[in-house]
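Following: one structure in structure tokens, then a few remarks.
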Amino acid sequence: MSRIILGLPSWGVHREVSFAERLVRGLEARGEDARVLLTESGCRLVDGIDEELSVPCDIPCDRLPAGPDDTLGQRWEALQRYLEERGPCFYLMLGDQRNNIIAPRLSRNVKLIGVLLVDDEAEIEQVGRLGHFWAAIVASSTPIHFKLASRFPHLAPRLCMIRDEPAMADAYLDLFGRISELEARGGCPRPRHYIGPLVSLAKKVSTAEDDLEEGRFYVNKHGHWPDGPVACEQLIAPVPEWTGQLEDCRIIVAASAETISGVDVFGSRLVRGLRQRGIDARLHGPAPSKATSPLETSSDLPFETRDPRLEWDFISYKDRFRLAVEQIESFAPCIYVPDYNLEWSCICPQLSGRVRVVGIGHSDDPWHYENLCRIGHACDAIVGVSGAITAHLRAIAPKFSGKLRTIPYGVSLPEEPAESLAAIRRERKPDAPLRIAYTGRLVLHQKRAVDLLAIARELDRRGVPFELAIVGDGELRAEMEAAAADLIIRQKLWFAGPQPNAAVLKFLESRDAYLLPSSFEGLSVGMLEAMSHGVVPVVSDIRSGVPDAIVPGKSGLVAPAGDAAAFADRLEWLWRNPAARMKMSAAAARTVADNFSLERMIDSYVEIFSRILAEPSRRSFGPFAPPAHIAREMTWSAWLSRVASDPLASVQRVSQRLLRSGG
């Protein structure tokens, strides 16, 4: 049986809490994995929350992994991630209207059940808004069942009655079984939407309309977690096959070359490592911009510029896709690594058998999973950079299990021996300030960069001597510098800006702790580089990457994402325990040397490339598979909308197209 999660805002004195207590105990007694999730425990943003009581020790209970001052959007994003990470699961939506609105965004991996315990108009109205996203709607009494059936006859197939009584656990287990059986037969279809306007809801949940609207906008900017792949239409035309040796073909690694990206750094290192072994590897992407490109310009990193016609908006997407196919085919026989190229990777189903494709899941986020689910049938192999990413792909796309492989990132080991770096750290006075580093983008989504200031202020409040250096750039930098002016003046904190990788590695030699408050990662290269230099990682307790590299208390420390006080606890402990810190430093460096060296990563890719070339292609062929935002642009309605919005621009596009075809 899948996990069973009951969502409540907080643990107080109301009917939903007593119901959850009885049901969880009943399910636990029957050997099921059932627990309560408190979605607003400790949240300072919303009002109207009941006074919290202690949760009984025999009730498994989680609290939403979010900070007390997180916006509603951040909290909804955290709730969505919590549920998707634990899928397949059943989520019972009780009287939690503020957070139940995420229902349209959840995948089929999370089976939703709405439960009505009271005959309340706000609860009835919620059924009208969200009922078609729920696999079942449970009424706890005959009057509630009758009212729902008469008010929403179109939801009658989802409606059932389970009385709120001590023996209800068996009835719920029977309901879960029927939902699972129906889903296995292809039933329980659920639409996927973005969260709609929430003005009517604001009056009922004691939250400002502006907060609700801002939260909705934030969440809707991000992609949906995928439902998993569907069967792919096969092409009838035969496709030529090619098998051979790695030395006889090219490796083409896609690059963005437009913004600073750890994935592009990975691509550069992969290409360089392969070329050092005599393998013809090349980067491929739009012409790099000297102002923004993270790519190192070097003779040992050949760069194949993407056909500039792919950027011409007067050419249809299908024509641009064909041009992209022609360019990749011109490198054949080759292995194509779409990498971070989430838009143009949709050409993979149209590539011939002379091209092998290796997809890579770089991050534990919806975009990467959706991309790999969409093109996975056209891949010969799929790599996850952490065990969690590979496991999640296997759960949502079991048909790809035979293609999956975990290959973690590798980093260059420091030229300075670990013993020398340790000796330098031992020479410092025991009460010297704790030297902390953060390297990465200064953004809210994923990196939670503003938490750096909250952690610094908590350390300052406790009187812990520290120096926090923030290396990197991003949209929050100016705002963070202004907010931290007093800490900067007192030399507690400074912003170093973006730095070359060599300078960052040299800087890490003098640091004691590496801070990473992210809400999710794939496998942080910055964390691995810091560990390789003996810098003790203090990072968010997230499922991807961190468990692969850190044994808490031995090679690093973890804290709940968004909990500034918990991060400060770990950093203060490191300062007060220099001997233990030195042991962790040595363990961190040893972990990277043994498991995450660049040589080891290159070895793994050479092995997987050689294997897929030595056997017939495992790819399926079919039509182009564009992401949703491009697929929408390719519809007639989108075309008519563009014409109506700017007729003159449309005429110019047609003219350019005619000129091109005539030339």
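The values are calculated or read from the model by the stated rules, or taken from the named source; none is laboratory data. Computed from a predicted model, the values in this text were never measured in an experiment. So basically every Cβ, Gly included, is an ideal-geometry build from the backbone, and we count neighbours across all protein chains shown. Side chains are part of the model used for accessible areas, which takes the heavy atoms of the whole protein and leaves out ligands, DNA and RNA. Shrake-Rupley method; radii C 1.70, N 1.55, O 1.52, S 1.80 Å.
Laid out as a table, the results:
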{"quantity": "Selected residue [farther than 18 Å from residue 447 by Cα, within 23 Å of the chain's Cα centre (by Cα) and buried (at least 20 other Cβ atoms within 10 Å of the Cβ)] from 527, 601", "calculated": "601"}
{"quantity": "Condition met for residue 395 (touching a Pro at 6+ places or on another chain (Cβ under 9 Å), among the aliphatic types (A, V, I, L, M), open to solvent by 20 Å² or more (accessible area, probe 1.4 Å) and modelled with pLDDT under 95)", "calculated": "yes"}
{"quantity": "Residue in segment 1-27 that is least open to solvent (accessible area, probe 1.4 Å), counting only those that are aliphatic (A, V, I, L, M) and farther than 25 Å from residue 109 by Cβ", "calculated": "17"}
{"quantity": "Residue count, segment 84-99 (criterion: touching a Gly at 6+ places or on another chain (Cβ under 9 Å) and modelled with pLDDT of 95 or more)", "calculated": "3"}
{"quantity": "From 270, 274, 201, residue being crowded, with 20+ Cβ neighbours inside 10 Å, assigned to a helix (DSSP H, G or I) and at pLDDT below 75", "calculated": "201"}
{"quantity": "Where a residue in segment 499-513 is farther than 17 Å from residue 588 by Cβ and its partner, wherever it lies, is assigned to a strand (DSSP E or B) and of a type in the set (Val, Ile, Thr), with Cβ under 9 Å and at least six apart", "calculated": "499/439; 499/471; 503/471"}
{"quantity": "Residue that is nearest to residue 534 (Cα to Cα) [pool: residues in segment 434-444 that are in contact with a helix residue (DSSP H, G or I) (Cβ under 8 Å, 6 or more places away or on another chain) and not β-branched (Val, Ile, Thr)]", "calculated": "437"}
{"quantity": "Residue among 432, 482, 478 that is more than 27 Å from residue 80 (Cα to Cα), open to solvent by 10 Å² or more (accessible area, probe 1.4 Å) and part of a loop (DSSP other than H, G, I, E, B)", "calculated": "432"}
{"quantity": "Qualifying positions in segment 326-376 - open to solvent by 10 Å² or more (accessible area, probe 1.4 Å) and farther than 30 Å from residue 79 by Cα", "calculated": "326, 327, 329, 330, 331, 332, 333, 344, 350, 352, 354"}
{"quantity": "Residue that is modelled with pLDDT under 95 and not in a loop (DSSP other than H, G, I, E, B), where the choices are 42, 7, 67, 73", "calculated": "73"}
{"quantity": "Top-ranked residue of segment 76-97 - restricted to ones that are in a loop (DSSP other than H, G, I, E, B) and more than 15 Å from the chain's Cα centre (by Cα), ranked as farthest from residue 213 (Cα to Cα)", "calculated": "88"}
{"quantity": "Residue count, segment 544-581 (criterion: open to solvent by 40 Å² or more (accessible area, probe 1.4 Å), in a loop (DSSP other than H, G, I, E, B) and hydrophobic (A, V, I, L, M, F, W, C))", "calculated": "1"}
{"quantity": "Hits in segment 377-391 - residues which are open to solvent by less than 10 Å² (accessible area, probe 1.4 Å) and in a helix (DSSP H, G or I)", "calculated": "378, 389, 390"}
{"quantity": "Among (1) closer than 23 Å to residue 74 by Cα; (2) acidic (Asp, Glu); (3) crowded, with 23+ Cβ neighbours inside 10 Å, the one test that residue 458 misses", "calculated": "(3)"}
{"quantity": "Selected residue [farther than 17 Å from residue 435 by Cα and crowded, with 23+ Cβ neighbours inside 10 Å] from 540, 585", "calculated": "540"}
{"quantity": "Boolean, residue 410 is in contact with a helix residue (DSSP H, G or I) (Cβ under 7 Å, 6 or more places away or on another chain), under 24 Å from residue 528 (Cα atoms) and surrounded by 16 or more Cβ atoms within 10 Å (Cβ to Cβ)", "calculated": "yes"}
{"quantity": "Complete set of residues in segment 229-262 that are buried (at least 17 other Cβ atoms within 10 Å of the Cβ), in a loop (DSSP other than H, G, I, E, B) and at pLDDT 85 or above", "calculated": "249, 255"}
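Okay, residues lined up against (1) more than 18 Å from residue 111 (Cα to Cα); (2) touching a residue at least 60 places away in the same chain (Cβ under 8 Å); (3) open to solvent by 10 Å² or more (accessible area, probe 1.4 Å):
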{"site": "61", "(1), (2), (3)": "yes, no, yes"}
{"site": "65", "(1), (2), (3)": "yes, yes, yes"}
{"site": "76", "(1), (2), (3)": "no, yes, no"}
{"site": "81", "(1), (2), (3)": "no, yes, yes"}
{"site": "90", "(1), (2), (3)": "no, yes, no"}
{"site": "97", "(1), (2), (3)": "no, yes, yes"}
